[in-house]
2 protein chains.
Amino acid sequence: MKEPRVTLAGERADARANRRRLLDAAVAVFAERGADAEVREIAERAGLAVGTVYNHFPSKEDLLAAVVEEAASQFEAALQGALEEPDEVEALRMFVRRGLRVAERFGSVMAAALEGQVPLARAAAYRARRVVLKRRIVELIQRGIDTGRFWPGVDAEVVAAMLTGVLSPWTYPELRRSRTPEQITAALVAALLYGLERRRAPASPPLRQAPPDAG
Amino acid sequence: MKEPRVTLAGERADARANRRRLLDAAVAVFAERGADAEVREIAERAGLAVGTVYNHFPSKEDLLAAVVEEAASQFEAALQGALEEPDEVEALRMFVRRGLRVAERFGSVMAAALEGQVPLARAAAYRARRVVLKRRIVELIQRGIDTGRFWPGVDAEVVAAMLTGVLSPWTYPELRRSRTPEQITAALVAALLYGLERRRAPASPPLRQAPPDAG
């Protein structure tokens, strides 16, 4: 019997693939069962031995922290794509659409991770990632102010806080109960761009009216 | 020696006063030292024996939960006051101003409580309070839509999520580092009412321009 030749590069690729499968399984299982989910369940879902899980993630906390890290990376990638869009209104719309997809996937697992059911060992690291993300959203809004696309009086950080508030792992799943991601995207972008106030009071209030310049 | 006559009503009033002092001390000490603060420190700050603390709050978790409850009550009172205002723009402004005062007092202690440094025994109860609060903010915005003060196309729940995002215990303290509460109130109200987009592109962009109808 001939043993397959195991190369170091091959082993590394396997390890990466296993890590990926574990993360995907962890996202799914934590989302279904909250932070109480057991490592055994995650191993089963990934089709791997419990020992393999512990090779990659010494504790459940580490696994939970990796899931949170992964969500942060995906939010950053969504924002990076949006920043390449030249028009800031379109960039904002694109970030909301893509960011919502990340919230969709990670919302409930992040709520579980952050809700203190399991103390998150790397809370400080996650906070740092969140600060970087918010700084880049501020950058996008500031760019729109600088190009004249947005009002000069806008406080970019306050608007970034409004936007990330909707994407937050507590809020997004609540909104999703009665709305599609497309409906949330449209409502959020409209509220961000046009605000609440009706500008000119019409003689008799129409029942439905699109905001001005709604595109 | 004549003993002071101790009445049941008097005892109850003392207990209430002690509970109040303990809560105030807990807010201050948790805000300064995070959820790691010890019950002993809170007792000292309140000028009470540690045993008295445990009479009122069997564990530090109970104390932390009571602080979170207190914050929820104060947010609800702020909103109740605002709902009595007949004009919805003014009501929104009033709620933001008062809500920010509550965030100012409780922001850092709630972040500590919710960040999982101490598992919050009554997380579900707090979540329920938050849902009630958000429902009432939605009510206020919906009223504005119904009276024609706000755009009919507005999604009141999405706007409520934007608003509460800024008041959140993670976001508010960050904004406060470089802004006064008055600046945050003004920026948040302006962003909520007028949105980001400049409506008519001027021939040459002015550097500073107030949004239309800014009051």
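The values are calculated or read from the model by the stated rules, or taken from the named source; none is laboratory data. Predicted model, so just to flag it, every value in this text is computed and none were measured. Counting neighbours? That spans all protein chains shown, and the Cβs are built from the backbone with ideal geometry, glycine included. Side chains are part of the model used for accessible areas, which takes the heavy atoms of the whole protein and leaves out ligands, DNA and RNA. Shrake-Rupley method; radii C 1.70, N 1.55, O 1.52, S 1.80 Å.
Taking first residues from segment A:44-56 that are without any contact (Cβ under 8 Å) to a residue 60 or more places away in the chain and partners that are of a type in the set (G, A, S) and in a helix (DSSP H, G or I), the Cβ contacts under 6 Å between residues at least 6 apart in sequence or on separate chains come to A:R45/A:A25; A:A46/A:A25; A:V50/A:A43; A:V53/A:A43. Per this entry, B:A91 is counted among residues that are at pLDDT 75 or above, over 15 Å from B:L167 (Cβ atoms), of a type outside the set (S, T, N, Q) and open to solvent by less than 10 Å² (accessible area, probe 1.4 Å).
Counting only residues that are among the polar types (S, T, N, Q) and surrounded by 13 or more Cβ atoms within 10 Å (Cβ to Cβ), segment B:7-50 holds 1 of them.
Using the structure shown, decide if B:L175 is within 8 Å of another protein chain (Cβ to nearest Cβ) and modelled with pLDDT of 85 or more. In short, yes. Close Cβ contacts (under 7 Å, 6 or more residues apart or on different chains) running from residues in segment B:137-153 that are free of Cβ contacts under 8 Å to residues at least 24 places away in the same chain to residues that are open to solvent by less than 50 Å² (accessible area, probe 1.4 Å) and assigned to a loop (DSSP other than H, G, I, E, B) comprise B:I145/B:P152; B:I145/B:V154; B:G148/A:R198; B:W151/A:L196; B:W151/A:R198; B:W151/A:P211; B:G153/A:P211. Within segment A:51-84, take every residue that is open to solvent by 50 Å² or more (accessible area, probe 1.4 Å) and not in a helix (DSSP H, G or I) and give me the one that is farthest from A:V189 (Cα to Cα). Top of the filtered list is A:P58. Residue selection: A:A37 fails the criterion of being touching a Ser or Thr at 6+ places or on another chain (Cβ under 8 Å) and farther than 30 Å from A:W151 by Cβ. Quick one: B:E139 ticks every box in (1) at the interface with chain A (Cβ under 10 Å from one of its Cβ atoms); (2) more than 30 Å from B:D36 (Cβ to Cβ); (3) surrounded by fewer than 17 Cβ atoms within 10 Å (Cβ to Cβ); (4) modelled with pLDDT of 85 or more except a single one, so which number is it? Of (1) at the interface with chain A (Cβ under 10 Å from one of its Cβ atoms); (2) more than 30 Å from B:D36 (Cβ to Cβ); (3) surrounded by fewer than 17 Cβ atoms within 10 Å (Cβ to Cβ); (4) modelled with pLDDT of 85 or more, only one is false for B:E139: (1). Filtered by the rule that a residue be under 10 Å from B:L196 (Cβ atoms), part of a helix (DSSP H, G or I) and within 7 Å of chain B (Cβ to nearest Cβ), segment A:145-161 gives a lone residue, A:V159.
Restricting segment A:95-120 to residues that are open to solvent by 20 Å² or more (accessible area, probe 1.4 Å) and more than 10 Å from every other protein chain (Cβ to nearest Cβ) leaves a set whose member that is modelled with the lowest pLDDT is A:S108. Could you list all residues from segment A:162-183 that are assigned to a helix (DSSP H, G or I) and either surrounded by fewer than 22 Cβ atoms within 10 Å (Cβ to Cβ) or more than 14 Å from the chain's Cα centre (by Cα) (or both)? A:M162, A:P173, A:E174, A:L175, A:R176, A:P181, A:E182, A:Q183 - these are the residues of segment A:162-183 that are assigned to a helix (DSSP H, G or I) and either surrounded by fewer than 22 Cβ atoms within 10 Å (Cβ to Cβ) or more than 14 Å from the chain's Cα centre (by Cα) (or both).
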